[in-house]
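Colleague: My questions will all concern the structure given below.
What follows is calculated from the coordinates using simple rules that are stated; it is not laboratory data. Owing to the predicted nature of the structure, the values given are computational and were not obtained by experimental measurement. All Cβ positions, even for glycine, are placed from backbone atoms using ideal geometry, and neighbour counts span all protein chains on display.
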Amino acid sequence: MAKNRAVIGCQWGDEGKGKIVDLLASDADIIARAQGGANAGHTIWIGDEKHIFHLIPSGILHEDKRCYIGNGVVLDPFGLREELALLDDKGVAYDNRLFISAATNLVLPYHKLIDAVEEERRGTTSIGTTKRGIGPAYVDKIARNGIRLIDIFSPDRLLKRLEHQRSIKSEWLEGSTDERADINRTYHELVAMAEQLRPMTVDVSQHLNSAWRAGKSLLLEGAQGVMLDVDLGTYPFATSSNTTVGGLLTGLGLGPRVIDEVVGVAKAYTTRVGGGPFPTELVDAVGDKIRDNGDEFGATTGRPRRCGWLDLVLLRHAVRVSGIDSLALTKLDVLDAFDELKICIRYEQNGKTLSEIPLDLAELHGVTPVYETLPGWHEETSGITDLTSLPDRARGYLDFIARDLSIPITIVSTGAKREETIVV
Ligand code: GDP
Ligand code: IMO
Ligand code: MG
């Protein structure tokens with residue numbers, strides 16, 4: 001029977017979901033993005049060629065597969081056009097195999113402008129957003145002011161809805177000299193783009209449900225990670241969508257029984273971009289070494305990522321709130337050259353022990369991580385493809401994690417390339 005999988009980031013994003021989705025795509029017929037937008041940056045290496053996808057699903061390089069962008073995504077049509085042009089340059093065909101939900105809300109230039117201004121206003125408590133307009137676009141969606149993909153095919157309706165934007169966003173748009181505030185310009189650009197997008201625009205829920213009933217295998221690609229979920233993450237230092245498994249279902253119009261396996265992707269250590277609490281962060285030479293060895297710079301913004309030890313308190317939370325069945329552990333090779341490795345097993349605060357994340361962020365800011373120290377392996381694991389070739393100490397590291405989380409590690413990634421993977 002076809003297996004339908006969901007792939008969820010278990011930390012603060014950038015866990016290597018792109019690589020894992022590209023890998024699992026070999027077993028799937030359809031790959032679908034469900035939430036987030038061009039804040040995502042999913043990297044795939046094929047041979048010596050690097051591909052970074054922001055909106056386009058990470059299965060697109062498999063030319064026999066179909067890819068979908070669901071209603072839960074906020075779609076930047078101009079960003080999409082750039083990504084499509086890159087596919088054209090690379091000779092990757094997408095006609096008749098890349099489809100977008102008519103119901104996706106659009107991220108328009110004024111959303112990016114508002115994102116930047118709001119970040120500035122937050123001052124020292126800024127979230128450190130990607131400035132891709134994600135938050136403001138979801139605000140419009142939830143306030144029922146959004147403009148959806150379907151609207152661009154009816155120019156009169158589009159113009160009315162854009163003019164409404166001008167009236168409700170006068171604070172940002174009126175009198176601004178920033179071209180992103182120019183509603184007429186946006187209108188003309190959208191109308192000009194309509195013909196390119198029309199053949200891709202479909203009812204994604206209908207397509208996916210029919211495919212599922214016909215026995216096709218679906219692979220649902222999460223963006224961001226559990227700790228950035230707007231409900232279950234480190235709010236307000238979060239993104240504006242549900243990055244947990246429920247977001248994949250509402251974002252594609254699927255029922256819960258479609259998913260056979262939820263695969264969580266976690267790095268062998270922890271990183272985060274932007275502001276907010278990070279209990280195991282290392283602001284020292286060890287943190288710098290992880291950043292250098294792991295090349296920890298954002299795929300979307302190029303910002304250096306904050307780095308720290310693996311945190312099992314976070315991963316327990318991720319496993320619980322997203323019903324994760326198995327783990328893909330990535331970037332094990334980055335830990336090859338350390339004398340010892342620490343894994344956070346609980347937090348302490350004012351003499352209290354916490355084995356779960358406190359909901360109150362002020363509390364999370366003040367916790368002290370308690371570590372188990374494991375010996376480093378000081379051997380190269382880069383490119384290893386079978387479990388038995390891993391150093392015993394590296395296997396010990398994996399066993400420790402799997403035991404604590406009570407789920408199996410079914411994929412271990414030992415390099416950025418597709419083949420640098422152990423499938424257990
Ligand atoms: P995503 O957002 O979860 O898809 O992850 P990103 O693409 O933003 O960041 C992951 C980075 O790690 C990318 O540069 C990948 O090429 C790289 N990567 C993925 N898996 C591995 C691995 O096992 N080892 C190493 N060294 N790099 C990896
Ligand atoms: P992928 O899919 C890492 C972070 C931003 C910021 C917060 C809010 O590549 O894992 P936003 O622009 O969404 O309003 O920013 O969320 N963030 C990510 N961090 N990976 C991502 O995506 C992210 N998408 C958003 O850095 O802290
Ligand atoms: Mg990323």
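Colleague: How big is the gap, in Å, between the Cα center of region 195-220 and the Cα center of region 369-397?
Modeller: If you average the Cα positions of each part, the centres end up 41 Å apart.
Colleague: Using each residue's phi in region 198-204, evaluate 6.51 cos²θ - 1.76 cosθ + 1.60 at θ = phi - 60° and report the 3J(HN,Hα) Karplus result to the nearest Hz, with x for Gly and Pro.
Modeller: 3, x, 8, 8, 9, 8, 5
Colleague: Have a look at Ala34, Gly351, Gly276 and report the one farthest towards the positive end of the charge dipole of the chain, computed about the Cα centre with Cβ charges (Lys/Arg +1, Asp/Glu -1).
Modeller: The one lying farthest along the dipole's positive direction is Ala34.
Colleague: Once the Cα gyration tensor of region 326-410 is found, what semi-axes does its equivalent ellipsoid get, as square roots of 5 times the eigenvalues, in whole Å, sorted largest first?
Modeller: The equivalent ellipsoid of region 326-410 has semi-axes of 29, 14, 11 Å.
Colleague: With n ≥ 4 as the cut-off for DSSP H runs, can you work out [θ] at 222 nm for the chain, using -39500 (n - 2.57) per run divided by the number of residues, rounded to the nearest 500?
Modeller: The helix-only estimate for the chain comes to -9500 deg cm²/dmol at 222 nm.
Colleague: A further question on this structure: Which of the GluC sites (Glu not before Pro) across region 141-209 are loop residues per DSSP, with 16 or fewer other Cβ within 10 Å? Before the final figure, lay out the partial values.
Modeller: Values: sites: Glu163, Glu171, Glu174, Glu179, Glu189, Glu195; in loops: Glu174.
Answer by residue number: Glu174.
Colleague: Tell me, what HN-Hα J-couplings in whole Hz come from the Karplus equation 6.51 cos²θ - 1.76 cosθ + 1.60 at θ = phi - 60° for each residue of region 378-390, using x for Gly and Pro?
Modeller: 6, 9, 7, 10, 3, x, 5, 10, 9, 4, 5, 7, 6
Colleague: Considering the dipole of region 183-244 built from charges on the beta carbon (Lys and Arg +1, Asp and Glu -1) around the Cα centre, which of Ala223, Leu208, Asn184 is farthest to its positive end?
Modeller: Looking along the dipole axis, the top candidate is Leu208.
Colleague: About the Cα centre, and with charges only on the beta carbon of Lys, Arg (+1) and Asp, Glu (-1), how big is the dipole of the chain? Nearest 20 debye, please.
Modeller: Dipole about the Cα centre, nearest 20: 1200 debye.
Colleague: Okay, next question. Over the alpha carbons of region 136-284, what is the largest minus smallest coordinate on each principal axis, giving the biggest first in Å?
Modeller: Projected onto the principal axes, the Cα atoms of region 136-284 cover 52, 48, 24 Å.
Colleague: Something else about it: When you take every Cα atom in region 105-197, what is the radius of gyration, and what is Dmax, the widest Cα pair distance, in Å?
Modeller: Spelled out, the Cα radius of gyration and Dmax of region 105-197 are 13.4, 44 Å.
Colleague: Just need the relative contact order of region 267-423 here, percent rounded to a whole number, with Cα pairs under 8 Å and 6+ apart.
Modeller: Relative contact order comes out at 24 percent.
Colleague: Hey, could you grab the Kirkwood Rh for region 276-353? Inverse mean 1/r over distinct alpha carbon pairs, Å, one decimal.
Modeller: The Cα-based Kirkwood calculation yields 14.4 Å.
Colleague: Mind listing the long-range amide H neighbours of Thr330? Cut-off is under 5 Å, sequence gap 5 or more, other chains count too, H placed in the peptide plane at 1.01 Å from N.
Modeller: The list, which skips near neighbours in sequence, is Ala266, Lys267, Ala268, Ser413.
Colleague: What list do you get for Ser58, Ser26 if you sort them by fewest beta carbons within 10 Å?
Modeller: Ascending number of Cβ neighbours within 10 Å: Ser26, Ser58.
Colleague: To the nearest 20 Debye, how big is the dipole of region 103-218 about its Cα centre, given +1 on the beta carbon of each Lys and Arg and -1 on that of each Asp and Glu?
Modeller: That gives region 103-218 a dipole magnitude of about 500 debye.
Colleague: On C-alpha positions alone, give me the angle between the axis of helix 392-405 and the longest principal axis of the chain, in degrees, nearest 10.
Modeller: Value to nearest ten degrees: 60.
Colleague: What is region 25-107's relative contact order, in percent, from Cα pairs under 8 angstrom and six or more apart in sequence?
Modeller: That works out to 32 percent.
Colleague: While we're here: About the Cα centre of region 267-423, what is the dipole size in debye to 20, counting +1 per Lys and Arg Cβ and -1 per Asp and Glu Cβ, all else neutral?
Modeller: About 460 debye.
Colleague: Which order do Asp336, Asp392 fall in if you start with the one that has the fewest other Cβ atoms within 10 Å?
Modeller: Asp392, Asp336
Colleague: Taking just the alpha carbons, could you work out the radius of gyration and Dmax for region 267-423, both in angstroms?
Modeller: 15.5, 47
Colleague: Relative contact order for region 142-263 using alpha-carbon pairs under 8 Å, separation at least 6, rounded to a whole percent?
Modeller: The normalised contact order for region 142-263 reaches 16 percent.
Colleague: Right, something else. So, in Å, what gap is there between the alpha-carbon centers of region 253-280 and region 162-187?
Modeller: If you average the Cα positions of each part, the centres end up 36 Å apart.
Colleague: Please identify, among Ala137, Ala34, Ala194, the residue showing maximal mean-square fluctuation in a Gaussian network model of the chain using a 10 angstrom Cα cutoff.
Modeller: Looking only at Ala137, Ala34, Ala194, the largest GNM fluctuation is found for Ala194.
Colleague: Going down the table (Lys131/Lys216; Lys112/Lys160; Lys3/Lys267), which pairs top 27 Å between alpha carbons? Don't skip to the end; give the middle numbers.
Modeller: Numbers: Lys131/Lys216 37 Å; Lys112/Lys160 21 Å; Lys3/Lys267 24 Å.
Table pairs above 27 Å Cα-Cα are Lys131/Lys216.
Colleague: Ok, one more. At 1.002 mPa s and 20 °C, plugging the Kirkwood radius over alpha-carbon pairs of the chain into Stokes-Einstein gives what diffusion coefficient in µm²/s?
Modeller: For the chosen part, D equals 97 µm²/s.
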